[in-house]
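These notes concern the structure reproduced below.
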Amino acid sequence: MDDDRLTAKNNYVKPVQALPIRGFFGRIAYGLGSLLKGMRVTMHYFIHPSTVVTQQYPENRETLVLSPRIRSQLSLIHDESGYHKCTACHICEQACPNASIHVVDRPEPAISKKELDFFIWRLDSCTFCNLCVMVCPFQCLEMKPTFESSVYDQRLLAYNLTKYAGPTSTVLAKQTDDEARKNMIEPRQVYDGPTELGGFILAGMPESTREKKS
Amino acid sequence: MPSVSSTLTMPLMVGTVLGVVGFISVVAMILVYAERKVAAHFQCRLGPMRVGWHGTLQSIADSLKLFLKEDIVPTKADHLLHAFAPVISVMAAILTLIAIPFSSHLVLADVSIGVLYVSAVSGIGVLGILLGGWSSNNKWSLLGAMRAGAQIISYELSVTLSLLVIILFAGSLRLTDIVHSQEAGWWIWRAPGVGLLAFVLFLIASTAEINRTPFDLAEGESELTAGFHTEYSGLRFAFFFLAEYMNLFIVAAMGATLFWGGWMPLHIGGFTAFNQLMDFIPGTVWFFGKVITLIFVIMWFRWTFPRLRVDQLMSLEWKVLMPLGFLNLLVAAFLSLFGWYFFPLVF
Amino acid sequence: MVTTTLSLSSVPISSLDKRIQSLENEQSSLGTQEYFVNMGPQHPSTHGVLRLVLHLDGETVKEVIPVLGYVHRGMEKKCEFIGYRQQVHLTDRLDYLCALMNNWAISHAIEKALNIELNERIQVVRTILAELQRIQSHQLWWGVFGMDLGAFTPFLYGFRDREKITAIFEDTIGARLTMNFIQPGGLMFDITSDFAQKVKEFIAYFKPILNEYDELFSGNIIVQERLRNVGILDAKTAISIGTTGPILRASGVAHDLRKLEPYGVYSQVQFDVPVGATGDCWDRYQVRMQEMRESIKIVEQLIDNIPEGKHMVMKFGAKIRVPEGVYYSEMETARGIYGNFIVADGSEKPYRLHMRTPNFNNLWSIIRMAPGLRIADLVTILSSIDIVVPDIDR
Amino acid sequence: MNNSDLESYLLSLDKDLVLREKSDRVSITVPSEKLLQVMTQLRHDRALTFDMLSAHTAIDWSNENKLELIYQLYSSEHHHRIMVGVYLNREAPVTFSLCSLWQIAEWQEREVFDMFGVRYQNHPDLRRILLEDEWQGHPLLKDYKDDFMLERPW
């Protein structure tokens, strides 16, 4: 063992404070003093109730401020008329490291292109890595700070994110009237637990037995 | 056998027993709540807030839960001893409690050898811990029990040594006599130096005797998971818990009685006006005020200090506290022999 | 050196049962009976699901046999099936207290392989975040260390102050523990406009608190006597074991990659490397306490002038192709050196990815340190190593 | 010593050492029968003193029917590092243990045994480390399959 490669050689090295060696009475005197010092610190907090940091969560729901960046729930952005921009391109599905996203194409699209039927997002296997949001070429996904999502049944953690099956908002905007738009789309339930998913089986999840909520 | 007329004393005895049991349950509940609140505020928390106003009913909810909880006994445990051990602990606590004078009238048993009785009976409590740890058939429990055994028996010495100092000055073993002897001032400051030192030794050693941090090696949750009561649940665990908090109360009560003048108001020698002012506060309030203060100090210890190691625990007792205790006793003997303490002629 | 012919059958395979059996057979019949206790996988002071089989003689530890793998998730296997971009978030789940530093390490490895030059802003922000993370990790360690020594209050103080940094991360990154923020080629998003302000507020708050930590805990006689000369690890053994980070530095080796092979902007900032002398628990404790102060120094130097620039210099595609070759890159996290060994075959997935995690090597030191000490000391040592179990098991 | 000096020094040690291409650091390949000898030299040579075994792992080149062991060495004295590779027969991977040179090799070799099934001669306690003792197969081999592996649906 060469000692020169240890501490002294480098100028950035800072030896830490060594523990002083004390005699019998020195230890008793120092000991009592140090104990009182520690007790002073705790007493300081005891007599200053303003230092309490506890947040009483369900009661303070009204005043709870959450950062808009918090990633807690994936959602598909729907514009004010309720249409989204998803073209069912499956890029988010491929980017997802845990196979938490299933983009299901509509079997009989209203136009010749691919159309979204179901956008299945599995909260149970999602790690909130945000990659799906980042890679989406149409910026139609976002992470929301909604964090109260605990349920008693794992199957309720599979969400369908789209409100309708059909083409994108761009296609729908080109339509002349509301009637034409209505004909092109088919409503879907959002955030409503396991839907039938067109016979889709989700790995690791028991098959749906739950009645659809009306 | 004493032949007392059973027709008269029987209801009284039953009443006393029920009273004591009720008293310890209520005191333990209050202490548990107090500990949780005190701990919380030491740690910048709020503590229990949900059950009742500021969580005041939390202890009742907890004890109800403990009553209703399934009683789990390990298959290979010694069933008889496993069931018996918590009872011994509680029994020791109750037996100690009856000798403590709460005020000049409220004394259940004014034993003529009060101090001796208290230190002897409270020593039984360790048996419960030892048996509980051994009968659980769990190595962690056994380790905890063995630690507790060694610790409590060792620290018993220091407690007794510091109590002896007061006995020397008071000249009696009867607890009411000791309280009466402090009419002119409490022994903690009336006996110059030695009283204070004896009190400090008593406080440290009795904290160790009741297994509280920094001496909670018997439980030591970060080392032994839960120590001797690892395998206890439900009501039996509640019994250990009860005994623990009763012991806390008893230690504080003994400290108040011997060093802080029990139910006696704060009197100073010949200051009559001050003494009369102090007399307006009833004795029970004085007593419980002192007990609460002492309990708070012991709680303060717990929520500030880390735990000692087992060898340090032993060397603290045998190398520091015991020699100091003996030295203190020697000095105290001389002081009391020559009457060199404050206001020796008042009573 | 004689080269003998080797064959599979000539190498015996042991098992845990056999190991314990052999130790039991060694026991002498004289004296007290030695016994075996399982510490963990469910034990308050093993910080997760680590199992230590203790060979005890009364209170004295004779031997420790760590049994690993209770949180083994097959991460290296999984990495062979997912792309480089997707792996970053897996490193959050190794040493979850150093998530950002792990993100940085793997991103750094990929950037080096792709020869990507980062702008100043990315480097500075990464450095600030990494140092904040180091403080945060040490704060948690300090609290848990107090708890392992039997003082419950430091635990809550540590968490209370950690919460301040976590809140900054929450506002900037959007996550509290598993960040996945530092990506190959930059940062996932730009920092918020009030980031610098918040960090400065935190530093102003935390500086006096550090002295309070010393008053409450470091100065305490019980703490000092509990840590003095416990678990001594000399420099030679520490190097041979391959320990890194505060443990190696506490043993007296000034080994810090931030100084030896500066990455980020560490070469532009002034800071010292705290180094211990004896390598006992006190030194490890003090090294970490001083590291918090040094980290504050680094953050203070950088926070006032974060340069302007883009937060991402690469297209954020789902796929990254790394050219064929083997790459190994290391980075100093709060617990030691986290290394990534990438074997790339030119496709979008690595052929093999090995994660050299600091805790795996660090934990091994307990086998050398613990024998002859008490159970309480074992807990102290385990806590002074500051293990994170998912990091060991991967 | 800078990297090119290190390379030439290493090559002068033994004629069977081969430099590895496509690596971001100094990297040599050692014939398996000379592993212990070369490693002892690397550890104890005053000019090298690789006293830290930073990482040890393996690569399964299943197409070439080879298993490659990788040793990442670091010198805390000279602050240089190399990577050492050793090719083994994939069907019967067996080699010498390096526990006598670096203490941590005990666990790292156990991990490689666990994951790749490499047997180490003279290892003090060769057993699985991350998986349980009864586990069948070695998961990081490319042809490993078990019931717990989920197929990605697409």
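The values are calculated or read from the model by the stated rules, or taken from the named source; none is laboratory data. In this text, all values refer to a predicted model and were calculated from it rather than measured experimentally. Glycine gets a Cβ as well: all are built from the backbone with ideal geometry, and neighbour counts include every protein chain shown. Only protein heavy atoms, including side chains, enter the accessible area calculation; ligands, DNA and RNA are left aside. Shrake-Rupley method; radii C 1.70, N 1.55, O 1.52, S 1.80 Å.
Rounded, prolate or oblate: which fits the stretch B:190-347 when a ≥ b ≥ c are the square roots of the eigenvalues of the alpha-carbon gyration tensor, with rounded for a/c under 1.5 and prolate only if a/b beats b/c?
Oblate is the answer for the stretch B:190-347, as a/c is 1.5 or above yet b/c matches or exceeds a/b.
Need one number: buried accessible surface between chains D and C, 1.4 Å probe, both sides summed, DNA, RNA and ligands left out, in Å² to 100.
Numbers: alone 9280 and 17210 Å², together 21420 Å².
That pair hides around 5100 Å² of surface in total.
If contacts are Cα pairs under 8 angstrom and at least 6 residues apart, what is the relative contact order of chain C in percent? Write down the numbers at each step before the final one.
Values: 702 pairs, mean separation 97.0, N = 394.
Dividing the mean separation by the residue count of chain C yields 25 percent.
Of B:VAL26, B:SER315, C:LEU382, which is farthest on the positive side of the dipole of the protein assembly as shown, counting Cα position, with +1 on Lys and Arg Cβ, -1 on Asp and Glu Cβ, and the Cα centre as origin?
B:VAL26
Evaluated at 10 °C with a viscosity of 1.306 mPa s, what Stokes-Einstein diffusion coefficient in µm²/s does the stretch C:192-242 have when Rh comes from the Kirkwood expression over alpha-carbon pairs? Mind showing how you got there, number by number?
Values: Rh = 14.4 Å.
After rounding, the answer is 110 µm²/s.
Quick one, can you get me the convex hull of the C-alpha atoms of the stretch C:16-67 expressed as volume per residue in Å³?
Given the Cα convex hull of the stretch C:16-67, per-residue volume reads 71 Å³.
Roll a 1.4 Å probe over the protein heavy atoms and report the accessible area of B:VAL73 in Å², nearest 10.
Around 40 Å² of this residue is reachable by solvent.
Determine the total buried accessible area between chain C and chain A, counting protein heavy atoms only with a 1.4 Å probe; round to the nearest 100 Å².
4200 Å²
Ignoring ligands, DNA and RNA, how do C:ILE110, B:ILE113 rank by accessible area with a 1.4 Å probe, largest first? Can you show the working numbers first?
Numbers: C:ILE110 0, B:ILE113 75 Å².
Largest accessible area first, the list is B:ILE113, C:ILE110.
Okay, helix-only estimate at 222 nm for chain D: each DSSP H run of n ≥ 4 adds -39500 (n - 2.57), divide by all residues, round to 500 deg cm²/dmol; what do you get?
Result for chain D: -6500 deg cm²/dmol, rounded to the nearest 500.
Sort the following peptides by mean Cβ neighbour count (other Cβ atoms within 10 Å, averaged over residues), highest first: C:88-95, D:100-107, A:175-182, A:14-21.
Most protected by this proxy first, the peptides run C:88-95, D:100-107, A:14-21, A:175-182.
Please compute how much accessible surface disappears when B pairs with A, both sides summed, using a 1.4 Å probe, and round it to the nearest 100 Å².
Buried area (both sides, nearest 100 Å²): 1600 Å².
Averaged over peptide C:15-22, how many Cβ atoms belonging to another chain are found within 10 Å of each residue's Cβ?
Numbers: counts 7, 5, 2, 3, 3, 0, 0, 1.
The shielding value for this peptide is 3.
What accessible area per residue, rounded to a whole number of Å², is obtained for the stretch B:15-68 using a probe radius of 1.4 Å? Intermediate results must be reported in sequence, preceding the final value.
Numbers: 2720 Å² over 54 residues.
With all protein chains present, the stretch B:15-68 gives 50 Å² per residue.
Cα convex hull of the stretch D:98-152: mean projected area in nm², to one decimal?
That works out to 4.5 nm², a quarter of the Cα hull's surface.
Using only the alpha carbons of the stretch D:5-71, determine the length spanned along each of the three principal axes and report them from longest to shortest in whole angstroms.
The Cα atoms of the stretch D:5-71 stretch 39, 25, 21 Å along the principal axes, largest first.
Can you compute the charge dipole magnitude of chain C about its Cα centre, using +1 on each Lys and Arg Cβ and -1 on each Asp and Glu Cβ, nothing else charged? Give it in debye, rounded to the nearest 20.
My answer is approximately 800 debye.
Could you tell me the calculated FRET efficiency between A:LEU32 and C:ASN211, based on Cβ-Cβ distance and R0 = 22 angstrom, to the nearest 0.05?
After rounding, the FRET efficiency stands at 0.60.
Rounded to whole Å and sorted largest first, list the principal axis extents of the Cα atoms in the stretch C:91-233.
Over the stretch C:91-233, Cα extents along the principal axes are 52, 37, 22 Å.
In the protein assembly as shown, carbon and sulfur make up what percent of the accessible area (probe 1.4 Å)?
Heavy-atom surface of the protein assembly as shown belonging to carbon and sulfur, 1.4 Å probe: 60 percent.
Loop-only check: which trypsin sites (Lys or Arg not before Pro) in the stretch D:49-145 are DSSP coil with at most 14 other Cβ within 10 angstrom?
Answer by residue number: D:LYS142, D:LYS145.
In units of 2.2 N^0.38 Å, what is the alpha-carbon radius of gyration of the protein assembly as shown?
Numbers: Rg = 34.2 Å, N = 1109, 2.2 N^0.38 = 31.6 Å.
The value comes to 1.08.
Enter the mean number of other protein chain beta carbons within 10 Å of the beta carbon of each residue in C:33-41, as an integer.
Values: counts 0, 0, 3, 1, 6, 2, 4, 1, 0.
Average per residue, whole number: 2.
Which value, in debye to the nearest 20, gives the size of the charge dipole of the protein assembly as shown about its Cα centre, when Lys and Arg are +1 and Asp and Glu are -1 at the Cβ?
1180 debye
Can you give the Rg and Dmax of the stretch D:60-154 based on its C-alpha atoms, in angstrom?
15.3, 51
With every protein chain left in place and a probe of 1.4 Å, what is the accessible surface of B:ILE94, to the nearest 10 Å²?
Looks like 40 Å² after rounding.
What does the charge add up to near D:TYR9, with Lys and Arg as +1, Asp and Glu as -1, over the other residues with Cβ less than 13 Å from its Cβ?
-3
What is the Cα radius of gyration of the stretch B:131-264 over 2.2 N^0.38 Å, N being its residue count? It would help to have the intermediate numbers written out before the result.
On the way: Rg = 17.3 Å, N = 134, 2.2 N^0.38 = 14.1 Å.
Compactness ratio reported: 1.22.
Debye calculation, C-alpha points only, no solvent: report log10 I(q)/I(0) for the stretch C:345-385 at q = 0.23, 0.29 Å⁻¹, in the same order as the q values.
Cα-only, vacuum Debye calculation for the stretch C:345-385: -0.76, -0.97.
Pick from C:GLU111, C:GLU330, C:GLU170: which is most flexible by mean-square fluctuation in a GNM of chain C where alpha carbon atoms under 10 Å apart are linked?
With Cα springs under 10 Å in chain C, the top fluctuation among C:GLU111, C:GLU330, C:GLU170 is at C:GLU170.
Which helices pass in chain B if a helix is a full DSSP H run, must span at least 18 angstrom along its long axis by Cα, and must have mean Kyte-Doolittle hydropathy not below -1.0? Mind dumping the intermediate values first?
Numbers: long enough: B:6-42 (52 Å, 1.44); B:79-97 (28 Å, 1.84); B:139-170 (46 Å, 1.33); B:194-209 (21 Å, 2.11); B:234-259 (37 Å, 1.51); B:283-302 (29 Å, 1.53); B:322-338 (24 Å, 2.04).
Counting only whole DSSP H runs, the qualifying helices are B:6-42, B:79-97, B:139-170, B:194-209, B:234-259, B:283-302, B:322-338.
Run lengths n ≥ 4 of DSSP H only: what is the helix-derived mean residue ellipticity at 222 nm for chain C, with -39500 (n - 2.57) per run over all residues, to the nearest 500?
Values: 15 runs with 182 residues, N = 394.
Dividing the helical sum by the residues of chain C leaves -14500 deg cm²/dmol.
Rank C:ILE209, C:ILE122, C:ILE222 by mean-square fluctuation in a GNM of chain C with C-alpha springs under 10 angstrom and give only the top-ranked residue.
C:ILE222
Taking K and R as +1 and D and E as -1, what net charge do the other residues with C-beta under 11 Å from the C-beta of C:HIS47 add up to?
Overall, the nearby charge balance is -3.
Quick one: longest stretch of chain B between exposed loop GluC sites (Glu not before Pro), exposed meaning at most 15 other C-beta atoms within 10 Å and loop per DSSP?
Free of exposed loop sites, the longest segment is B:184-347.
In whole Å and largest first, what semi-axes does the C-alpha gyration tensor of the stretch A:59-144 yield when each eigenvalue is scaled by 5 and square-rooted?
26, 16, 11
Would you kindly calculate the translational diffusion coefficient of the stretch C:238-394, applying Stokes-Einstein with the Kirkwood radius from alpha carbon pairs, for 4 °C and a viscosity of 1.567 mPa s, and quote it in µm² s⁻¹ without decimals?
Once the numbers are plugged in, D ends up at 73 µm²/s.
For the stretch A:10-89, report the accessible area per residue in Å² (1.4 Å probe, heavy atoms, rounded to an integer).
Value for the stretch A:10-89: 62 Å² per residue.
Name the most mobile residue of C:SER347, C:SER365, C:SER22, meaning the one with the largest mean-square fluctuation, in a Gaussian network model of chain C with Cα contacts below 10 Å.
Looking only at C:SER347, C:SER365, C:SER22, the largest GNM fluctuation is found for C:SER22.
By the gyration tensor of its Cα atoms, with a ≥ b ≥ c the square roots of the eigenvalues, what is the shape of the stretch C:235-315: rounded for a/c under 1.5, prolate for a/b over b/c, or oblate?
prolate
Over all distinct Cα pairs, what is the inverse of the mean 1/r for the stretch C:326-369, reported as the Kirkwood hydrodynamic radius in Å? Spell out each step's value before the answer.
Numbers: mean 1/r = 0.0851 Å⁻¹.
Taking every pair of different Cα atoms in the stretch C:326-369, averaging 1/r and inverting gives 11.8 Å.
Between the chain alone and the structure with every protein chain in place, find the residues of the stretch A:129-148 that drop at least 30 Å² of accessible area; heavy atoms, 1.4 Å probe.
A:CYS129, A:LEU131, A:MET134, A:VAL135
Give the Kirkwood hydrodynamic radius (Å, one decimal) of the stretch B:15-68, defined as one over the mean of 1/r across all pairs of different Cα atoms.
About 12.0 Å, per the Kirkwood formula over Cα pairs.
Using a cut-off of 13 Å between beta-carbons, work out the net charge of the residues near D:VAL112 (Lys and Arg +1, Asp and Glu -1, D:VAL112 not included).
-1
Rounded, prolate or oblate: which fits the stretch C:75-391, taking a ≥ b ≥ c as square roots of the Cα gyration tensor eigenvalues, rounded meaning a/c under 1.5, else prolate when a/b beats b/c?
Oblate.
What residue among B:PHE239, C:THR192, A:PRO187 has its Cα farthest toward the positive end of the dipole of the protein assembly as shown, where the charges are +1 on Lys, Arg and -1 on Asp, Glu, each on the Cβ?
Result: C:THR192.
Which Rg and Dmax, in Å, describe the Cα atoms of the stretch B:72-338?
19.2, 67
Which of the peptides B:140-147, B:58-65, C:68-75 is most tightly packed, and how do the rest follow, going by the mean number of other Cβ atoms within 10 Å of each residue?
Numbers: B:140-147: 25.2, B:58-65: 16.0, C:68-75: 18.4.
Packing proxy ranking, top to bottom: B:140-147, C:68-75, B:58-65.
Which value, in Å² and to the nearest 10, is the accessible area of C:LYS207 when all protein chains are kept and the probe is 1.4 Å?
Here the residue's solvent-accessible area equals roughly 90 Å².
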